[in-house]
């Protein structure tokens, strides 16, 4: 009989470089930041960093029992409240249709304009890989938005791309150092969220109507978030951590 080899433990998570001042988080839906990365935003805002939120859609197709026109208003308001709980500096909604976001130039153009306006050092987005590290497939909007955000981070620095934005007063911004994809199965970096975990839980609970609309009657935000945070923490040697795939753009020295 052949012995089954012991499973190889995941590699340790390296701490992300926190030597920056401004970040923009670009995700597909209200609640995307709250399912894992909001506690990291709470940590950074307490450090005096500036983080703006950008929602590509308003999540209007996310509540089956609520008409999209009503759901849009409800979910936008829940996201605004949720962002305030972790110290994010405002939320912008780009108005793309929920559930059918397509990767392409219009999406890249819209995200590029946001990045040129805010001029961040770091861009945060969600996992854009095909799955979450197993058999649980990722959602199409997440994939499209994450890929477009990565490309827009490069587009933002090229003054010969979307020149109409420059005519309107925006300037090319080649200062984006890295893009961080939260919750990616290829994550090699992490953020210690032990002291900000509860703020992240509170921010997820703020999406009350959305969670109720999913029919998750016994959903416990703390229990849900603790699973991933404790796993990440084990890889960092802390109690709780958020994981990120760090992607380098090469515009500036980010070593």
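The values are calculated or read from the model by the stated rules, or taken from the named source; none is laboratory data. Predicted, not measured: the structure shown is a model, and the values here were computed from it. Neighbour counts run over all protein chains shown; Cβ positions are idealised from the backbone, glycine included.
Structural remarks
- Scanning region 167-183 for residues that are out of contact with any strand residue (DSSP E or B) (no Cβ under 7 Å at 6 or more places or on another chain) and either under 18 Å from residue 246 (Cβ atoms) or without any contact (Cβ under 8 Å) to a residue 24 or more places away in the chain (or both) turns up 167, 168, 169, 175.
- Restricting region 56-83 to residues that are outside any helix (DSSP H, G or I) and within 15 Å of the chain's Cα centre (by Cα) leaves a set whose member that is surrounded by the most Cβ atoms within 10 Å (Cβ to Cβ) is 56.
- Within region 32-55, if we keep just the residues that are under 21 Å from residue 141 (Cα atoms) and surrounded by fewer than 23 Cβ atoms within 10 Å (Cβ to Cβ), the residue that is modelled with the lowest pLDDT turns out to be 35.
- Residue in region 91-111 that is buried (at least 24 other Cβ atoms within 10 Å of the Cβ) and in contact with a helix residue (DSSP H, G or I) (Cβ under 6 Å, 6 or more places away or on another chain) present: yes
- Qualifying residues in region 189-203 (those that are touching a helix residue (DSSP H, G or I) at 6+ places or on another chain (Cβ under 6 Å) and more than 26 Å from residue 121 (Cα to Cα)) - the one surrounded by the fewest Cβ atoms within 10 Å (Cβ to Cβ): 202
- Checking each residue in region 18-54 for being over 17 Å from the mean Cα position of the chain (by Cα) and within 23 Å of residue 230 (Cα to Cα) picks out 46, 47.
- Whichever residue in region 150-173 is surrounded by 16 or more Cβ atoms within 10 Å (Cβ to Cβ) and in a loop (DSSP other than H, G, I, E, B) and, among such residues, is nearest to the chain's Cα centre (by Cα): 156
- Only one entry of 186, 129, 147 meets the criterion of being surrounded by fewer than 22 Cβ atoms within 10 Å (Cβ to Cβ) and in contact with a strand residue (DSSP E or B) (Cβ under 6 Å, 6 or more places away or on another chain), and that entry is 186.
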